[in-house]
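Peer 1: This is the structure, below, for whatever I ask next.
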Amino acid sequence: MAPEHTKKTYTLASGDKMPAIGLGTWQSPQNATATAVEAAIRAGYRYIDTAFAYGNESEVGAGVRASGVPREQLWITTKLDNPWHKRVAEGIDTSLKNLGMDYVDLYLMHWPSSTRPDDLKKHYDDWNFIDTWRELQKLVGTGKVRNIGVSNFGITNLEKLLNDPSCKIVPAVNQVELHPNNPSPKLVQYCKDKGIHLTGYSCLGSTNSPLYKDETLLSLAKAKGKTPQQCLLQWGIQNGWDVIPKSVTKERIEGNFDLDGWELTEEELKKLSSLPDRFKVCGDDWLPVKVFFGDDE
């Protein structure tokens with residue numbers, strides 16, 4: 001039987017089933033987000049990823065309501081912003097108010113950086129991501145979040161978190177940059193071993209990606225009769241993580257979701273996993289602390 005990747009889900013530690021493909025909204029302009037979310041849900045998406053830092057949670061909520069699909073049939077992820085680390089309870093309440101929702105399916109710590117709100121170039125002296133996780137754990141059972149997780153955590157910081165005695169709940173999800181030019185095999189294996197599900201962001205390599213000049217990817221897509229984007233999304237899903245391609249164009253949103261009835265062979269997957277070039281869309285030089293240590297490859 002032909003695989004139906006758009007209906008595929010991954011079961012988290014909580015037992016909740018997370019869809020394999022969602023709509024990403026990072027860099028989606030406010031005036032285009034609501035229509036993009038509505039178009040995605042009408043096209044069949046049941047998972048939308050946003051964050052307080054994107055400044056478009058309200059528009060995501062508006063798009064969800066405009067779609068007419070009941071909230072309980074959707075998976076919504078949002079994230080705690082860096083300057084809110086000492087205000088976790090206030091952070092989730094603010095996001096829920098923006099979204100116009102009673103709960104989110106997944107609430108992530110956006111970065112392992114407890115940034116001072118009065119000076120974004122400085123980190124708190126008396127607080128770090130372990131303290132933030134302690135506060136996030138308190139949200140479980142409040143009815144406001146179904147699952148908690150992290151984002152942009154490499155092996156070094158995951159080890160720090162998981163080995164701390166105050167860590168009673170293993171993050172359900174770690175959302176990180178994953179594409180064939182940033183495959184992070186060691187991190188992927190580490191999370192698998194710890195029962196942490198991965199979400200791949202910038203799964204298409206983001207705007208003006210060098211991936212779209214890659215001959216291996218282009219010839220593979222041509223041979224499959226698929227777009228390079230579709231091949232990149234299949235690569236992520238078949239490797240075991242969910243993908244959140246961002247677009248505000250109806251045609252692209254629908255094209256990215258056209259993943260049923262075909263897949264990449266083992267050889268094709270290996271080909272993409274073996275691309276030699278490396279680049280990262282998201283670095284850490286804008287943060288007051290270093291969070292990437294080059295140990296995930």
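Peer 1: Given a Förster radius of 51 Å and the C-beta distance between Lys270 and Asp125 as r, what FRET efficiency does 1/(1 + (r/R0)^6) yield to the nearest 0.05?
Peer 2: The pair Lys270/Asp125 has a calculated efficiency of 0.60.
Peer 1: Helix-derived [θ] at 222 nm for the chain: sum -39500 (n - 2.57) over DSSP H runs of at least 4, divide by residue count, nearest 500?
Peer 2: -10000 deg cm²/dmol
Peer 1: Now a separate question. How high is the relative contact order of the chain, given as a whole-number percent (alpha carbon pairs under 8 Å, six or more residues apart)?
Peer 2: 22 percent.
Peer 1: Apply the a/c threshold of 1.5 to the C-alpha gyration tensor of the stretch 92-171 and tell me whether it is rounded, prolate or oblate.
Peer 2: oblate
Peer 1: Now for a separate question. Given the chain, what percent of its DSSP beta bridges are antiparallel, to the nearest 5?
Peer 2: Once the DSSP bridges in the chain are tallied, antiparallel ones form about 20 percent.
Peer 1: Pick from Asp81, Asp102, Asp119 the residue whose mean-square fluctuation is largest in a GNM of the chain, springs joining Cα atoms under 10 Å.
Peer 2: Greatest mean-square fluctuation among the candidates belongs to Asp119.
Peer 1: So which of Lys144/Lys246; Lys192/Lys226; Lys79/Lys138 end up more than 20 Å apart by C-alpha?
Peer 2: Distance filter (> 20 Å) returns Lys144/Lys246; Lys192/Lys226.
Peer 1: Remind me, relative contact order of the stretch 175-297 in percent, using alpha carbon pairs under 8 angstrom and six or more residues apart?
Peer 2: Reported as a whole number, the value is 36 percent.
Peer 1: With just the Cα atoms defining each centre, how far is the stretch 1-44 from the stretch 99-123? Give it in Å.
Peer 2: Cα centres, the stretch 1-44 to the stretch 99-123: 22 Å.
Peer 1: Moving to a separate point now. Sort all Cα-Cα distances of the stretch 1-86 into consecutive 10 angstrom bins from zero, then give the percent of pairs in each bin up to the one containing the longest distance.
Peer 2: P(r) over the stretch 1-86, rounded to whole percents: 17, 45, 31, 7, 1, 0.
Peer 1: Using a 10 Å cut-off around each Cβ, can you sort Cys203, Cys231, Cys282 from fewest to most neighbouring Cβ atoms?
Peer 2: Starting with the residue having the fewest Cβ neighbours, the order is Cys282, Cys231, Cys203.
Peer 1: Give me the angle, in degrees from 0 to 90, between the Cα long axis of helix 88-99 and the longest principal axis of the Cα atoms of the chain, rounded to the nearest 10.
Peer 2: 50 degrees
Peer 1: Fewest to most neighbouring Cβ within 10 Å: what's the order for Glu159, Glu297, Glu72?
Peer 2: Glu72, Glu297, Glu159
Peer 1: Cα centroids of the stretch 205-223 and the stretch 143-198: how far apart, whole angstrom?
Peer 2: Between the Cα centres of the stretch 205-223 and the stretch 143-198 lies a distance of 28 Å.
Peer 1: Are there trypsin sites (Lys or Arg not before Pro) in the stretch 135-224 that DSSP puts in a loop and that have at most 15 other Cβ atoms within 10 Å, and which ones?
Peer 2: Lys138, Lys168
Peer 1: Can you put Met18, Met109 in order of Cβ neighbours within 10 angstrom, beginning with the fewest?
Peer 2: Fewest-to-most Cβ neighbours within 10 Å comes out as Met18, Met109.
Peer 1: Next up: Below 8 Å between Cα atoms, with a sequence gap of 6+, how large is the relative contact order for the stretch 12-143 in percent?
Peer 2: 20 percent
Peer 1: Let me ask something else about it. Helix 30-43: angle to the longest alpha-carbon principal axis of the chain, degrees 0 to 90, nearest 10?
Peer 2: The answer is roughly 60 degrees.
Peer 1: Helix 57-67 versus the longest principal axis of the chain: what is the Cα-based angle in degrees, 0 to 90, to the nearest 10?
Peer 2: Result, in degrees: 50.
Peer 1: May I pose another question? Which of Glu90, Glu267, Glu135 moves most in a GNM of the chain, Cα contacts under 10 Å?
Peer 2: Its mean-square fluctuation being the largest, the pick is Glu267.
Peer 1: With just the Cα atoms defining each centre, how far is the stretch 45-69 from the stretch 246-297? Give it in Å.
Peer 2: Rounded to whole Å, the Cα centres lie 22 Å apart.
Peer 1: Is the shape of the stretch 129-198 rounded, prolate or oblate, going by the alpha carbon gyration tensor and its root eigenvalues a ≥ b ≥ c, with a/c under 1.5 for rounded and a/b larger than b/c for prolate?
Peer 2: prolate
Each reported figure results from applying straightforward, stated rules to the coordinates on display, with no laboratory input. Keep in mind it's a predicted model, so treat the numbers as computed, not measured. As a convention, Cβ positions derive from the backbone with ideal geometry for all residues, glycine included, and neighbour counts pool all protein chains shown.
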